[in-house]
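The values are calculated or read from the model by the stated rules, or taken from the named source; none is laboratory data. What you see is a predicted model, and the numbers here were worked out from it, not measured in a lab. Cβ placement follows ideal geometry from the backbone for every residue including glycine, while neighbour counts extend to all protein chains displayed. Accessible surface is based on the protein model in full, side chains and every heavy atom, while ligands, DNA and RNA are left aside. Shrake-Rupley method; radii C 1.70, N 1.55, O 1.52, S 1.80 Å.
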2 protein chains.
Amino acid sequence: MVFRTDDCGKGRQGVSARVVDCISWPEIRARKIRDRDALLGRNAQWCLKEDVPEHIKDVSQVLQAHLTEREKEIVHCDATSLVERLASRRYTATEVIKAHCHVATISQALTNCLTEVFFDDAIARAAELDRHMDETGQVSGPLHGLPVSIKDHINVKGHDTSTGYIAWAYNTVATKDAVTVEILRKAGAVLYVKTANPQTLLSLETNNNVFGRTVNPYNRTLTPGGSSGGESALIALHGSPLGLGTDIGGSIRVPAAYMGLYGFKASVARIPHAGLRGPHDGMEAIIGVLGPLARSARDLALFCRTMLQYEPWLIEPPLLEIPWKQTVVDGADIPQRLCFAILWDDGVVKPHPPILDALQRTKRALLAAGHEVINWVPLDHQAAWDLIVKLYFLDGGEEYRELQINDPMVPQTEWILNQVPNGGKPFTVRETFRLNVERETFRCRVAAHWNGTKSQTTTGRHVDAVISPAAATLAPPHDTTRWWGYTSYWNLADYPAAVYPVAHHRASQYSPPDVSADITLPQVPRNDVERFVNSQWDPEIYDNAPVSLQIIGRRLNEEKVLGMLNVVDRALNNVHN
Amino acid sequence: MVFRTDDCGKGRQGVSARVVDCISWPEIRARKIRDRDALLGRNAQWCLKEDVPEHIKDVSQVLQAHLTEREKEIVHCDATSLVERLASRRYTATEVIKAHCHVATISQALTNCLTEVFFDDAIARAAELDRHMDETGQVSGPLHGLPVSIKDHINVKGHDTSTGYIAWAYNTVATKDAVTVEILRKAGAVLYVKTANPQTLLSLETNNNVFGRTVNPYNRTLTPGGSSGGESALIALHGSPLGLGTDIGGSIRVPAAYMGLYGFKASVARIPHAGLRGPHDGMEAIIGVLGPLARSARDLALFCRTMLQYEPWLIEPPLLEIPWKQTVVDGADIPQRLCFAILWDDGVVKPHPPILDALQRTKRALLAAGHEVINWVPLDHQAAWDLIVKLYFLDGGEEYRELQINDPMVPQTEWILNQVPNGGKPFTVRETFRLNVERETFRCRVAAHWNGTKSQTTTGRHVDAVISPAAATLAPPHDTTRWWGYTSYWNLADYPAAVYPVAHHRASQYSPPDVSADITLPQVPRNDVERFVNSQWDPEIYDNAPVSLQIIGRRLNEEKVLGMLNVVDRALNNVHN
């Protein structure tokens, strides 16, 4: 049977049932994959000639052998460096996009990170930008010639937005760019790929029935994280310098952490967010944030600065008219001596040893740099999770279940849908009012807790930032994620948070850290989740996984968080290229 | 039967039924009024010795005969002038508060504007402030000694918060100040009265079964507006220089307009809002705003500036950390030549002639001052009303009905509850998501409409502000309000708007204005509401009513709106005292 989109309905309502009438999910999946691979196959010169044998877990270095020196130089630039070198005409937009198309093609073969591919458009656009540069000697915008990759559920005009749902495959060609995408185009960025996200989007791994599973190139038995896991795998392999993700519980920060990248979740309504496809349009009890994943801290600011330069609040009403203050990122208004508070353990799930070690290293580095470091006392992490799950599923999970008729649940979908509260029944309107009050009460408690640190610092201020794990584990084996509390907590609080890399875990070099001088950790699991996570720890399993942490600031202090991230980066001797 | 609060439950849930078990609403009302009047009666020297005969409609000048010259001087100051004179020790806090207690006592007798009275506390606090000044020579804060009146549903610690509900009378003594009240105290303000609001708060008049009806002192057959109608009556009579109101559909702006005052509704989340008592706690689909009513434009800025000076976002999480930019209010960043757009008619209900005349006068004044003036094309005013009513009643009006068991509906309650959508049934959660999407779609349309004016201006910018009626009528006869669209529209859009006075309507001097050169008005009513409002017009009925307008700016441009209000005020030769 030939698949015809006309048979299968369009738009979001009631699509699933009609798709099912036409064609089974394995057929849709086969066709989506075939279409993507055919587009990649058009440039045979960029394709891997043979698969990497399955027993080789670390594929992160595979592509080195396939690139020219010039390509290597280009794809090893961070975004900031690329736009500088494009502006100074050291590189043409054409060679930059081609190098990234090449690496993206290999990245796909290694990790299964791509969904939609539009290299031809990208190369045509790059040629146009090069002509503009030739004719005017000027860049066409602040991101002139920069390749940017886009998470699947963000609308890119003319491309399917299947978002990991069989029901949406071939039914959701975007008629309009998301606001961020529109700005990227104005700014001169070159769009060339969309990247995988998991079924439901509510997953910290990346797996769906449309394109299958995305894997971690540092260790293919591990997840690259999710829901922006196509991005994290692609960017870590240098197939993209900068990617757009989204985060309503950790979906930027966790994949960034698992892949050793930088990732930033701003406060709600600071960065454009309109033009996403996903369930629960109009749900406002808990709102996600769109943001960047990249290979340097400065690229996070580059993205935010560019977005706000275009005054997006004039076209996207929820956005706050708060212009970007780059001077703060660069250090203005950031005191010389800061006080950081470290969250060692959230009171629910103790982090694995390499994460505790990273916290300790960060502490030592900050003290050595002259800053103050105190302990952050965890507050209500289990309660925060219990509440945010209710907010995720105000409709009792109805819409998720409807969307997945004949689209079997992948394991992480099954896990999260097992958390659905209220016996799977929708809450009443009045119950949703009460849940909003609970959320505000939580936010008041967090604010008061933060204000209260003033009595513990010697700076005369409350703590400037919290340093925290981004997750309790390094990138875990597929389908074993069980605890979001280190990231989802800050979505519930609506505080900005950035992830940064600290180290790589090498099983062969591992020795257990001693953090007893810093904090007392529980010897016995405090709950079933912690029991599960504790039992996961084995240095061999996580071999080669990046070790990352998270820095958190007060709501709407995006610039200050990125400014303090620079402070931490310098203390840790993290170097940009 | 003696009323004992212990018999009747406390808190909000299920109170009404239990109150009814104890005592009937007329008894509760009698007791509330008796208690208030007893407190006022303690200062017999401030009370009117006899009632003003009922046939005298205009009571606005009555109190002149009862005040000393010094008292008159004090109560005729605006808030800005008062804080200056208190700071320079021209007045003591004690004499300032006593003068206002005196006038408030008379205002109550003339208009029934007060609910809770706490003169003793106020006088004690003023004495404390005077001692502080004597000892230090310094003010205790930016509002040192300023009397500020508080709308009933805003929590003031230790005082009942009956909010126009029988069920809440004597059951709702606040245990904590609202955030605004807390800041007022820190800033040195002196609190002395709370003021009437209507049953449900969803009314642009002021009438309830606890304290009865509040009347317009310029013409007692008219309403002073609502829901902040106790404030507007009191401030117009100089019984308060500055009062706190709230506005979710016009409840600051309409009473300010009906009483010839200045009133300001900021964008949501700019001004502290926590600590209000009212139905629908946790409802976020449409959110009200707390703001000032006063007798000068500069007092609106004084209030906002003071609130934000205390960094309330550190304790009230929804608030935006956007510090107050007084320099913008004072003219910085406001172009010399502005372009204003006038909304003559919202396409649903044509304004009464004095309002059209005021628009025309404003237009002439702005043109004479060198500004540009274009027409604002109305967009979706009926649709906006139809939508906002759904958002007001997401629960199908359930909570309102529950609260009013044995608390009969006053006429305006009956009118608004007749607007309840969905057959009085609560919406489902998924329907509320769709309504949120509708609201955002509306906001996008308004933003695009505003952006689109750029092609019509000669300034190179879109219009800087919209000048609009605040209502279709002047203060109407009691129980006849039928159209909120001129104000509620900007709540739905979440744009800041300030009301300012233009004139007083004198029946004896009235002649119909000719606005035909500016706009074509419909000759035949376009709908039943307009038919009703058209038929209301009679210059005699509205004799002595103030004529006011509204200025609106883009979301979160509070300072710019107040800066442009200054421009309009100067063009109209409005003078502060």
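From the Cα gyration tensor of chain A, with a ≥ b ≥ c the square roots of its eigenvalues, which class applies: rounded if a/c is under 1.5, or else prolate if a/b is larger than b/c, or else oblate? Before the final figure, lay out the partial values.
On the way: a/c = 1.39, a/b = 1.17, b/c = 1.19.
Cα axes put chain A in the rounded bin.
Leaving out ligands, DNA and RNA, and with a 1.4 Å probe, what % of the accessible surface on segment A:494-574 is carbon or sulfur? The partial results should precede the final answer.
Details: 1600 of 3320 Å².
In segment A:494-574, the share of accessible area belonging to carbon and sulfur is 48 percent.
Using heavy-atom solvent-accessible surface (probe 1.4 Å) with all chains present, what is the largest-first order of B:Y258, A:Y510?
Values: B:Y258 10, A:Y510 60 Å².
So, going from the largest accessible area down, we get A:Y510, B:Y258.
Sequence gap at least 6, Cα distance under 8 Å: using those rules, report the relative contact order of segment A:292-363 to the nearest whole percent. Please report the intermediate quantities before stating the final value.
Numbers: 28 pairs, mean separation 13.0, N = 72.
That works out to 18 percent.
I need to check one value: relative contact order of chain A, counting alpha carbon pairs closer than 8 Å and at least 6 residues apart, in percent. Can you show the working numbers first?
Numbers: 1223 pairs, mean separation 92.0, N = 577.
Computed value for chain A: 16 percent relative contact order.
Cβ under 12 Å from B:R337's Cβ, B:R337 left aside: what net charge do those residues give with Lys, Arg +1 and Asp, Glu -1? Please report the intermediate quantities before stating the final value.
On the way: positive: B:R461; negative: B:E372, B:D464.
Summing Lys and Arg as +1 and Asp and Glu as -1 gives -1.
Rounded to the nearest 10 Å², what accessible area does B:R131 show when all protein chains are kept and the probe is 1.4 Å?
That residue has around 120 Å² of solvent-accessible surface.
Mind checking A:429-438 for the average number of partner chain beta-carbons within 10 Å of each residue's beta-carbon?
Values: counts 15, 9, 2, 8, 10, 2, 1, 4, 4, 1.
Shielding by partners across A:429-438 averages 6.
Roughly how many debye, to the nearest 20, is the charge dipole of the protein assembly as shown about its Cα centre, given +1 on each Lys and Arg Cβ, -1 on each Asp and Glu Cβ, and no other charges?
Working: 118 positive and 132 negative charges, 194 e Å.
The dipole magnitude comes to about 940 debye.
Label position 7 Å from Cα toward Cβ: report the copy-to-copy distances for B:D518 in nm, one decimal, ordered from shortest.
Result, one decimal in nm: 6.8.
Using protein chains only and a probe of 1.4 angstrom, how many square angstrom of A:D134 are accessible, to the nearest 10?
That residue has around 100 Å² of solvent-accessible surface.
Quick check: with the 1.4 Å probe, what order do B:H102, A:H132 take by accessible area, largest first? Walk me through the intermediate numbers first.
Working: B:H102 10, A:H132 65 Å².
In descending accessible area the options line up as A:H132, B:H102.
Just to confirm the numbers: A:R34, label point 7 angstrom along the Cα-Cβ line, distances to the other copies in nm, shortest first?
8.8
Which residue, chosen from A:A167, A:T105, A:I183, occupies the Cα position most advanced towards the positive end of the dipole of segment A:104-197, where the dipole is computed from +1 (Lys, Arg) and -1 (Asp, Glu) charges on Cβ about the Cα centre?
A:A167
Considering only protein heavy atoms and a probe of 1.4 Å, how much of the accessible area of segment B:148-219 is carbon and sulfur, as a whole percent?
Details: 650 of 1240 Å².
Ligands and nucleic acids excluded, carbon and sulfur reach 52 percent.
As a test, work out the antiparallel percent of DSSP beta bridges whose residues both lie in the protein assembly as shown, rounded to the nearest 5.
On the way: 56 of 82 bridges.
Antiparallel bridges: around 70 percent, rounded to the nearest 5.
Kindly report, to the nearest 10 Å², the accessible surface of B:W25 as traced by a 1.4 Å probe over protein heavy atoms only.
70
What 222 nm value per residue comes from the helices of chain B, counting each DSSP H run with n ≥ 4 as -39,500 (n - 2.57) and dividing by all residues, nearest 500 deg cm²/dmol?
On the way: 19 runs with 214 residues, N = 577.
-11500 deg cm²/dmol, from helical runs alone.
How much area per residue is accessible in the protein assembly as shown when the probe is 1.4 Å and only protein heavy atoms are counted (Å²)? Numbers along the way, then the final one.
Values: 39530 Å² over 1154 residues.
For the protein assembly as shown, the solvent-accessible area averages 34 Å² per residue.
Would you tell me the mean number of C-beta atoms belonging to other protein chains that fall within 10 Å of each C-beta in B:305-315, as a whole number? Each step should come with its number before you reach the end.
Details: counts 0, 0, 0, 0, 0, 0, 0, 0, 4, 7, 4.
The mean count of partner-chain Cβ atoms within 10 Å per residue comes to 1.
Could you tell me the relative contact order of segment B:167-227? Use alpha-carbon pairs under 8 Å, at least six residues apart, and round to a whole percent. Display every interim value, and only then the final one.
Numbers: 54 pairs, mean separation 14.7, N = 61.
Relative contact order, segment B:167-227: 24 percent.
Along the charge dipole of the protein assembly as shown, which of B:S60, B:L562, A:Q45 sits closest to the positive end, that is, farthest toward it, with unit charges on the beta carbon of Lys, Arg, Asp and Glu (+1, +1, -1, -1)?
B:L562
For the cross-link pairs B:K32/B:K390; B:K72/B:K560; A:K176/B:K363; B:K57/B:K151; B:K32/B:K57; A:K176/A:K425, which exceed 31 Å when the distance is taken from alpha carbon to alpha carbon?
Details: B:K32/B:K390 34 Å; B:K72/B:K560 33 Å; A:K176/B:K363 40 Å; B:K57/B:K151 25 Å; B:K32/B:K57 26 Å; A:K176/A:K425 34 Å.
In this structure, B:K32/B:K390; B:K72/B:K560; A:K176/B:K363; A:K176/A:K425 lie more than 31 Å apart at Cα.
About the Cα centre of chain B, what is the dipole size in debye to 20, counting +1 per Lys and Arg Cβ and -1 per Asp and Glu Cβ, all else neutral? Can you show the working numbers first?
Values: 59 positive and 66 negative charges, 128 e Å.
Rounded to the nearest 20 debye, it is 620 debye.
Sort shortest first the distances from A:V437 to its counterpart in every other copy, using label points 7 Å along the Cα-to-beta-carbon line, and give them in nm.
3.0
Working with all protein chains in place, sort B:R185, B:R439, A:R461 by solvent-accessible area computed with a 1.4 Å probe, largest first. Intermediate results must be reported in sequence, preceding the final value.
Working: B:R185 90, B:R439 10, A:R461 70 Å².
Largest accessible area first, the residues go B:R185, A:R461, B:R439.
Buried accessible area for the A:B pair, summed, 1.4 Å probe, in Å² rounded to 100? Working shown, then result.
Values: alone 21300 and 21310 Å², together 39530 Å².
It comes to approximately 3100 Å² buried between A and B.
What helices does chain A hold that run 24 Å or longer along their axis, going by alpha-carbon atoms, with a Kyte-Doolittle average of 0.0 or more, using DSSP H for the helix calls? Please list the in-between numbers first.
Numbers: long enough: A:93-111 (26 Å, 0.56); A:119-136 (25 Å, -0.76); A:429-452 (34 Å, -0.74).
Span-like helices, by this rule, are A:93-111.
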